[in-house]
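**Student:** Supplied in structure tokens, the structure appears directly below.
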Amino acid sequence: MPGRTVLALDIGGTKMAAAVVDRGGRVSAAARVPTPQGRRLDGETLWKTVLALLDRFTSGVGAKQVVGVGVGCGGPMSWPDGHVSPLNIPAWRSFPLRERLQERFPGIPVRVHNDAVCVAVGEHWRGAGRGTANVLGMVVSTGVGGGLVLGNRLIDGASGNAGHIGHVVVEPDGPECTCGGRGCLEAVARGPAIAAWARANGWRHPQGTARDVADDAARGHAVAIQALARAGAALGVAIASATHLLDLDVVAVGGGLSQAGPLLFDPLEEAFRRHARMEWARSVRVVPAALGQEAGLVGAAALVLSGSRYWNAD
Ligand SMILES: [Zn+2]
């Protein structure tokens, strides 16, 4: 099917993106819009925004060449039926995203997976894990998520959540987590947790985000540097455990926070090397994700384009 393409969607709490992706994983004609916000926003209004975004592509001349639709959406969701309840999109609770898209695109496959899973798939297929068989892909931003490729195949687990490293425990007596537990990686290393820790330790920036922490750390602010180092160390501890459990080749760390560079990755690497002591774990490479904000779109397209490698649900 040379020349044929997939329509890819990436739906998150702050923005929604759509693009045409070809069989080589090349993204063209990407469009991004802010995700509508507001307490009174209802699910149908949000759905209309998605349809309007898609219409930009399907009214084009290449519409007949679209062979499928791949979607990455914020979790949690029921998988593989794609009823989504994204934490950061309160207007959708058990919203039947996959069914709605299937009604809009009859006769071609429509596949929906967790957005962090799509990032992991994108990084394995065309990014930092390309050419290796065993990859953990991670997203570190407002939350911490991940997806897992072993033996060149996406591992789904019982409910589609395999690879979700965000709720691996790194400090048994650590801070409370949004999941109701304590000391999860996400509770220490997600963006809002980094900013909150910095504030609690004297960083004077009442509305500041993790991006502001990273900016201040780059300017030499001691508390900001410590805040990133703490998050980096937590990531290193979790990744060391994951490599022992899973025998990986590459861990690709993406999401907004991965832009912080050595101020995050140096303490991450130090903690990882301190804890990853078995011989097979020492050779693992922990690297920044390579595809940037396109990773989710590329991975969503791969759900459709790569046969059963990344999709075994139906
Ligand atoms: Zn948790």
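The values are calculated or read from the model by the stated rules, or taken from the named source; none is laboratory data. These numbers come from a predicted model, not from an experiment. Every residue, glycine as well, gets a Cβ built from its backbone with ideal geometry; the counts of neighbours run over all protein chains shown.
**Student:** Taking segment 11-46, which residues are more than 14 Å from Pro90 (Cα to Cα) and in a loop (DSSP other than H, G, I, E, B)?
**Tutor:** Answer for segment 11-46, where residues must be more than 14 Å from Pro90 (Cα to Cα) and in a loop (DSSP other than H, G, I, E, B): Arg23, Gly24, Gly25, Arg26.
**Student:** Restricting to strands (runs of 3 or more DSSP E) lying wholly in segment 97-164: which have 2 or more residues that are surrounded by 22 or more Cβ atoms within 10 Å (Cβ to Cβ) and modelled with pLDDT of 95 or more?
**Tutor:** Hits in segment 97-164: 110-114, 135-140, 144-150.
**Student:** Moving on. Determine if segment 273-291 includes at least one residue that is assigned to a helix (DSSP H, G or I) and under 20 Å from Thr142 (Cα atoms).
**Tutor:** Among the residues of segment 273-291, not one is assigned to a helix (DSSP H, G or I) and under 20 Å from Thr142 (Cα atoms), which makes the answer no.
**Student:** Pairs please, first residue from segment 149-166 and closer than 13 Å to Trp79 by Cα, second anywhere and more than 16 Å from the ligand (Cβ to nearest atom) and acidic (Asp, Glu), Cβ atoms under 6 Å, 6+ apart in sequence or on different chains.
**Tutor:** Ala162/Asp156
**Student:** While we're here: Which of the residues belonging to segment 1-10 are aliphatic (A, V, I, L, M) and either within 18 Å of Thr142 (Cβ to Cβ) or in a strand (DSSP E or B) (or both)?
**Tutor:** Matches in segment 1-10: Val6, Leu7, Ala8, Leu9.
**Student:** Restricting attention to segment 77-88, and to residues there that are out of contact with any Pro (no Cβ under 9 Å at 6 or more places or on another chain) and outside any strand (DSSP E or B), which single residue is nearest to Gly12 (Cα to Cα)?
**Tutor:** Per the criteria, the residue is Asn88.
**Student:** Considering only residues that are over 16 Å from Leu87 (Cα atoms) and among the acidic types (Asp, Glu), look in segment 1-54 and name the one that is surrounded by the fewest Cβ atoms within 10 Å (Cβ to Cβ).
**Tutor:** Here the answer is Glu44.
**Student:** Could you grab the pairs with beta carbons closer than 9 Å, sequence gap of 6+ or different chains, first residue in segment 238-264 and outside the structural domain of Gly147 (by TED's automatic domain parsing) and buried (at least 18 other Cβ atoms within 10 Å of the Cβ), second one assigned to a helix (DSSP H, G or I) and modelled with pLDDT under 95?
**Tutor:** none
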